[in-house]
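Q: Got a structure for you, questions after.
The values are calculated or read from the model by the stated rules, or taken from the named source; none is laboratory data. Because the structure is predicted, anything quoted here is derived from the model rather than measured. Ideal geometry is used to build each Cβ from the backbone, glycine not excepted, and the neighbour counts take in all protein chains shown. To get the accessible areas, we keep the full protein, side chains included, count just its heavy atoms, and leave off ligands, DNA and RNA. Shrake-Rupley method; radii C 1.70, N 1.55, O 1.52, S 1.80 Å.
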Amino acid sequence: MILALSAAIAVDALGAERVRLVMMPSPYTSADSLEDAQICADMLKTGIESINIGPAMEAFGTMLAPAFAGRDPDIAEENIQARSRGMILMGLSNKFGHMVLTTGNKSEMSVGYATLYGDMCGGYSVLKDLYKTTVFALCHWRNAHCPQGVFGPDGMVIPERIITKPPSAELRPDQKDEDSLPPYDVLDDILHQMIEGERSVTDIVASGHDEATVRRVWRLLDRAEYKRRQAPPGVKITPRAFGRDRRYPITNGFTNLVT
């Protein structure tokens, strides 16, 4: 969904002829995702090309086999997929002069649900200051409205299935975002209270959230600061966007936890 919305925004801003979409499937990419990507490209009138990252995964697996010997596959192998995609996109950027748009959103960047040198690769982030629930709403809004002065087409530009299916990075079989994170409506409300509201744990719990979940989100938020420092610039729409508006020390002993 975040990829589709980023593509739609790019087409609205630049025109379909100036936007290049690349699908980079792995063995874990679902048939639905492949079909939805093609439908979305057709709606946006951009076309889409496919570059399979399977050979890159196999090559890295072979190279790292001695170093990884005796250890089960885990997040390291998952992140190799994201970094393979980042390398491909940056290669295309170098060859043809395109700017790569990163597609992460504020919910993911808040808690570090992003891969350095992978899906964080790029020169500009159009969704950087949008929570995931806002992304959902904006997808529905754009399908129902075509703003004046944009270069994109009228009517639907994002297939409904992209919006309604459970979010997934598809880096392992049957992966869902909620395997690692609270539901986005819960996560986003906690994050909004922490970041824009600067509310304490006690206050956020009093608003109806589970204390263990609030404390976990707070820890994730603080620990992901080092990733956010390496993220590309992006659109600012809230009073406290990451970057200049909210910066914290990157040290093991520091915490801004307020109880």
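Q: State the percentage of accessible surface on the chain attributable to carbon and sulfur atoms; use a 1.4 Å probe and exclude ligands, DNA and RNA. Numbers along the way, then the final one.
A: Working: 7710 of 13660 Å².
C and S fraction of accessible area: 56 percent.
Q: Still on this structure: Quick check: pseudo-label points 7 Å beyond the Cα along Cα→Cβ at Ala76 and Tyr117, how many nm apart are they?
A: 1.4
Q: A further question follows. What number, in percent, do you get for the relative contact order of segment 1-134 if the mean sequence gap of Cα pairs under 8 Å and at least 6 apart is divided by its residue count?
A: Across segment 1-134, relative contact order equals 23 percent.
Q: Then there's this: Which one of Pro66, Val157, His98 has its Cα pushed farthest toward the positive end of the charge dipole of the chain, where Lys and Arg give +1 and Asp and Glu give -1 at the Cβ?
A: His98
Q: Run the dipole for the chain about the Cα centre, Lys and Arg Cβ at +1, Asp and Glu Cβ at -1, nothing else charged, and hand back the magnitude in debye, nearest 20. Please report the intermediate quantities before stating the final value.
A: Numbers: 28 positive and 33 negative charges, 208 e Å.
Here the chain has a charge dipole of around 1000 debye.
Q: In terms of modelled amide H atoms, which long-range or inter-chain residues lie less than 5 Å from the amide H of Gly234?
A: Ser125
Q: Also, I was wondering about something else. For segment 156-223, give the magnitude of the charge dipole about the Cα centre (Cβ charges: +1 Lys/Arg, -1 Asp/Glu; no others), in debye to the nearest 20. Before the final figure, lay out the partial values.
A: Details: 9 positive and 15 negative charges, 47 e Å.
Dipole magnitude for segment 156-223 comes out near 220 debye.
Q: Also, quick follow-up: Given Lys95/Lys176; Lys128/Lys165; Lys45/Lys227; Lys45/Lys165, which pairs have Cα atoms separated by over 29 Å?
A: Details: Lys95/Lys176 34 Å; Lys128/Lys165 22 Å; Lys45/Lys227 34 Å; Lys45/Lys165 23 Å.
Pairs exceeding 29 Å: Lys95/Lys176; Lys45/Lys227.
Q: Convert each backbone phi in segment 211-226 into a coupling constant with the Karplus relation 6.51 cos²θ - 1.76 cosθ + 1.60 (shift: θ = phi - 60°), then list the ³J(HN,Hα) values in order as whole Hz, x for Gly and Pro.
A: 4, 4, 5, 4, 5, 5, 4, 4, 5, 4, 4, 5, 5, 8, 4, 5
Q: Where does the chain land at 222 nm, in deg cm²/dmol rounded to the nearest 500, when only DSSP H runs of n ≥ 4 count, each adding -39500 (n - 2.57), divided by all residues?
A: Details: 11 runs with 123 residues, N = 259.
-14500 deg cm²/dmol, from helical runs alone.
Q: Where a ≥ b ≥ c are the square roots of the eigenvalues of the C-alpha gyration tensor, would you call the chain rounded, which needs a/c under 1.5, or, failing that, prolate if a/b is larger than b/c, or oblate?
A: Values: a/c = 1.69, a/b = 1.17, b/c = 1.45.
Taking the square roots of the gyration eigenvalues as a ≥ b ≥ c, the chain is oblate.
Q: Another question, then. Can you give me the relative contact order of the chain as a percent, contacts being Cα pairs under 8 Å and 6 or more apart?
A: Details: 342 pairs, mean separation 57.0, N = 259.
Relative contact order comes out at 22 percent.
Q: Give me the accessible area per residue for the chain, probe 1.4 Å, as a whole number in Å².
A: 53
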